[in-house]
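Data block below; observations after.
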Amino acid sequence: MSEQVGPTQTEEKSSRVESFIANPRRAVWKLSVPVMLGMGLHTLYAVTDMIFVGRLGGDEVAALSFSMPLVFFSIGITFGLGTGATSVIARLLGAGLKKDADNAAKHAVLIALAIGGVVIAAALLWKREIMGLLGTSGEVTGLAVQYFEIVAPGFFFTILNTTFRAIMAGEGNTITPISFQASGTVINVLLDPLFIFWAGLGISGAAWATVVSQFLVLLLFAVHIFVRRGTFLDFRFDDFNPCARTAWDILRVGLPASGSMVIISVGAMCTNWIVSVFGNAAVAGLGVGGRLDSIYFMPTFALASSQVTLAGMFLGAGRIDLIRKTMVYTMLWGQVLAVSFAFVFYFFATPLCAIFTSDQQIIAVAVSYIRVIALAFPFITVGLISGRVFQGLGSGLPGLVLSALRVMVISVPLAYLFTRVLGFGLTWVWGASATAGLITSLVATVWIQRRLRQLEEALTTE
């Protein structure tokens, strides 16, 4: 029976690649809009989660704020490897190598499980020591550990969900995986108040809601992939062909992408530590501001994510002109998003931050953060999109370098210098982040243009 299904699916997939080449601008939205909707729902969850936890008190908000960089760190590693899988699969399908793409998908799943297992074990083993290094103290430390030790084992579900989503994105299908993730987000939002307040679990309830919802998402993926065989790619392992080169191709993009996520997470941890000298209210305010600016980051990241699939497919097809065309088009729409969000956040910062908490000290910190960082949105957008184009081209290192430049070379050192050495206030921490975004965007623009010219010259000489 599988023999009958295969050719039809192959024809559908072939027409999808061809349709992307025929109408690249439409392809940007075809890939981006489902991701935007899914991430919009995820942002709704993150915002709702913070609102519910905020009703428990300032210590709980601070505990959640300290935990988030660790959660992002753990998930980010697998997300980066998923980016490598998306890039490799898109390039193979663009070149018409379907069987190789099947094999790459299986490699991606095994790699994610192996690395994810190590990350989960390390997170559980050293959770309390890590929280101490981040600057938690007193009641907040206990609450942060309480939340994290429940969420961490659930990373197993999230890791597999992220990997399956990335593989399906590589074949040009973002609608199905995002619909699954959206279902999980809705379930999470519904479970939050039940577990936190009705069951009386407090911050642990928020953690359990996350774990249960991610488990249900994994069930949806499992039924779709292994029972219904609803993907174009074949996940049957009976014809799995271990290949060091395939694994390396995934890791060559995935490890730097994971490294970028790790750098961002470590940067967030360092920033929390720098800010912690101003008190738990300052850390909580940063957490509230971070949840608010995620409303900008999610659709922008979704728009940028289309470039991994499209740049990979167009490179496989030898169409560098289309890579440049879609990149410029995506940059323009990215700026529309950036300016729109910056305007709203700057002028309506106070009422927006007040949604999360009634603590005026926390609100004041969050408002100061969001007003400064909003000014950097246009520059951050350029860096995000450029990095994703590099990943689609199979070049993971530039994204890693750009992340390191923005976070560890500029933002964190400047924030430390301004506050811990020179004794300036919190606003200077936000200013350091904005400055880093500006400088990195300039470097990214020059670098990606140079890379595209090199590819054009290479194709011309062939």
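The values are calculated or read from the model by the stated rules, or taken from the named source; none is laboratory data. Remember, it's a predicted structure, so these values are computed and weren't measured experimentally. Every residue, glycine as well, gets a Cβ built from its backbone with ideal geometry; the counts of neighbours run over all protein chains shown.
Are any of the residues in the range 230-252 modelled with pLDDT under 85, among the aromatic types (Phe, Trp, Tyr), surrounded by fewer than 24 Cβ atoms within 10 Å (Cβ to Cβ) and in a helix (DSSP H, G or I)? Yes, the range 230-252 contains a residue that is modelled with pLDDT under 85, among the aromatic types (Phe, Trp, Tyr), surrounded by fewer than 24 Cβ atoms within 10 Å (Cβ to Cβ) and in a helix (DSSP H, G or I).
Only one entry in Trp447, Trp430 is surrounded by fewer than 18 Cβ atoms within 10 Å (Cβ to Cβ), of a type outside the set (Asp, Glu) and at pLDDT 90 or above, namely Trp447. Considering only residues in the range 288-337 that are of a type in the set (Phe, Trp, Tyr) and surrounded by fewer than 24 Cβ atoms within 10 Å (Cβ to Cβ), the one that is farthest from Met50 (Cα to Cα) turns out to be Tyr329.
For the range 129-138, the count of residues that are among the charged types (D, E, K, R), free of Cβ contacts under 8 Å to residues at least 24 places away in the same chain and assigned to a helix (DSSP H, G or I) is at least one. Checking Gly96, Gly76, Gly40 one by one, the residue that is surrounded by fewer than 24 Cβ atoms within 10 Å (Cβ to Cβ), out of contact with any Cys (no Cβ under 6 Å at 6 or more places or on another chain) and not in a helix (DSSP H, G or I) is Gly96 and no other. Output yes when any residue across the range 399-421 is basic (Lys, Arg), farther than 30 Å from Val88 by Cβ and surrounded by fewer than 18 Cβ atoms within 10 Å (Cβ to Cβ), and no when none is. Yes; the residues of the range 399-421 include at least one that is basic (Lys, Arg), farther than 30 Å from Val88 by Cβ and surrounded by fewer than 18 Cβ atoms within 10 Å (Cβ to Cβ). Would you be able to say whether some residue in the range 405-420 is in contact (Cβ under 8 Å) with a residue 24 or more places away in the chain, out of contact with any Asp or Glu (no Cβ under 6 Å at 6 or more places or on another chain) and farther than 23 Å from Val283 by Cα? Yes, there is a match, as at least one residue in the range 405-420 is in contact (Cβ under 8 Å) with a residue 24 or more places away in the chain, out of contact with any Asp or Glu (no Cβ under 6 Å at 6 or more places or on another chain) and farther than 23 Å from Val283 by Cα. Scanning the range 427-456 for residues that are touching a residue at least 12 places away in the same chain (Cβ under 8 Å) and among the basic types (Lys, Arg) yields one hit, Arg451. Of the residues contained in the range 400-413, one or more are found to be farther than 24 Å from Ala304 by Cα and not aliphatic (A, V, I, L, M). Please tell me if Gly205 is out of contact with any helix residue (DSSP H, G or I) (no Cβ under 7 Å at 6 or more places or on another chain), free of Cβ contacts under 8 Å to residues at least 40 places away in the same chain and not aliphatic (A, V, I, L, M). Taking the combined requirement at face value, the residue does not satisfy it.
Let's see how each residue does on (1) under 22 Å from the mean Cα position of the chain (by Cα); (2) without any contact (Cβ under 8 Å) to a residue 12 or more places away in the chain; (3) under 30 Å from Ile274 (Cβ atoms); (4) outside any helix (DSSP H, G or I):
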{"position": "Ile115", "(1), (2), (3), (4)": "yes, no, yes, no"}
{"position": "Ile120", "(1), (2), (3), (4)": "yes, no, yes, no"}
{"position": "Thr141", "(1), (2), (3), (4)": "no, no, yes, no"}
{"position": "Val151", "(1), (2), (3), (4)": "yes, no, yes, no"}
{"position": "Ile167", "(1), (2), (3), (4)": "yes, no, no, no"}
{"position": "Asn173", "(1), (2), (3), (4)": "yes, no, no, yes"}
{"position": "Ile178", "(1), (2), (3), (4)": "yes, no, no, no"}
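Only one of the numbered conditions (1) in contact with a helix residue (DSSP H, G or I) (Cβ under 9 Å, 6 or more places away or on another chain); (2) surrounded by fewer than 19 Cβ atoms within 10 Å (Cβ to Cβ); (3) modelled with pLDDT under 80 is violated by Glu129, and that is (1).
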